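Asks: Got a structure here, written out as structure tokens. Questions coming.
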Amino acid sequence: MGYVSAVPVPQPRARAATAPDATGSRRSLAAGLLLGAAGATVVLLASGQTWAEGKAAVGGGSLPLTADGQDVTGLPAALAIVGLAALVAVFAVRSTGRLLVAGLLALSGLGAALSAYLGASDSAALDEKAAQTTGDTSATIDALSHTAWPYVTAAGGLLILIAGLLALRYGKLWPTMSGRYERDGTPRPRKAPRTAPDPDRPEDLWKALDRGEDPTH
């Protein structure tokens with residue numbers, strides 16, 4: 001007569017089903033961190049480079065002038081800093097808060113990219129410099145040209161945007177900063193209380209001596 005075991009048999013399919021989720025979580029986490037940090041770095045560095053060049057007429061000659069990204073618009077750099085703060089804050093909040101911070105991260109990248117793209121053809125910054133340099137408020141820039149740095153800045157903003165979209169899509173699977181200090185809700189096993197060694201059992205006496213205890217107590 002056979003017996004039916006009441007112990008549930010582990011289902012390999014259930015374990016296998018969670019593996020892709022864990023792998024996708026790790027990959028999206030690594031990609032989000034890399035893209036967000038890289039994008040913010042690119043924006044901050046590229047916005048400090050020369051975006052526009054030109055010449056202002058001074059007397060009978062001309063004076064070469066340049067304008068960097070901060071002269072044209074300080075918005076990309078400011079939004080990159082906001083994006084970095086949001087990238088860190090994603091791991092400090094949960095549920096709805098994480099969605100809101102991820103949305104802020106995405107919007108920061110979008111704003112940085114758009115403002116940099118719009119500043120790629122800006123001439124107001126150089127016109128202002130020409131007026132300050134010549135003392136003539138009607139002075140303008142001749143031979144105006146633009147560099148590729150505004151587009152590099154915009155590309156950095158797009159990286160931040162992608163990081164935000166990843167956080168919106170997969171952020172619920174990402175760990176929090178304090179996750180490694182938290183338990184899964186199961187009760188912590190209690191240590192068994194120490195009992196005095198049994199004089200009739202020599203092995204207990206030897207163990208007590210190894211622990212530095214007095215076996216007579």
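The values are calculated or read from the model by the stated rules, or taken from the named source; none is laboratory data. Only a predicted model underlies this, so the values are computations on that prediction, with no experimental measurement involved. Note that we place each Cβ from the backbone using ideal geometry, even for glycine, and neighbour counts take in every protein chain shown. Areas reflect the complete protein model, heavy atoms only, side chains present, ligands, DNA and RNA absent. Shrake-Rupley method; radii C 1.70, N 1.55, O 1.52, S 1.80 Å.
Asks: Wrap a convex hull around the Cα atoms of region 63-120, take a quarter of its surface area, and give that in square nanometres.
Replies: Spelled out: convex hull of the Cα atoms, projected over all directions, averaged, 4.0 nm².
Asks: Which whole-number value in Å² is the accessible area per residue of region 59-170, probe 1.4 Å? Show your work: numbers first, answer last.
Replies: Values: 5600 Å² over 112 residues.
Spelled out: the 1.4 Å probe surface of region 59-170, per residue, equals 50 Å².
Asks: Could you give the nm distance between label points at Thr133 and Gln49, where each point is 7 Å from its Cα heading toward the beta carbon?
Replies: Once both label points are built, they end up 2.1 nm from each other.
Asks: Right, here's the next one. Pull up all non-local amide H partners of Trp51: gap of 5 or more, or a different chain, and H-to-H distance under 5 Å with H placed in the peptide plane.
Replies: Long-range HN contacts for Trp51: Ala67, Asp68, Gly69.
Asks: Can you tell me the relative contact order of region 98-158? Whole percent, Cα pairs under 8 Å, sequence separation 6 or more.
Replies: Result for region 98-158 is 50 percent.
Asks: So for the pair Ala124, Thr96, with labels modelled 7 Å out along Cα→Cβ, what separation do we get in nm?
Replies: According to this spin-label approximation, the distance is 3.9 nm.
Asks: Quick check: at a probe of 1.4 Å, how many percent of the accessible area of region 92-135 sits on carbon and sulfur atoms?
Replies: With neighbouring chains kept in place, the figure for region 92-135 is 64 percent.
Asks: Once phi is turned into θ = phi - 60°, what whole-Hz ³J(HN,Hα) does the Karplus curve with 6.51, -1.76 and 1.60 give for every residue of region 68-73, x standing for Gly and Pro?
Replies: Coupling constants for region 68-73: 8, x, 5, 5, 6, 7 Hz.
Asks: What percent of all Cα-Cα pairs in region 27-132 falls into each 10 Å bin, going from 0 up to the bin containing the maximum distance?
Replies: 15, 37, 23, 15, 8, 3, 0
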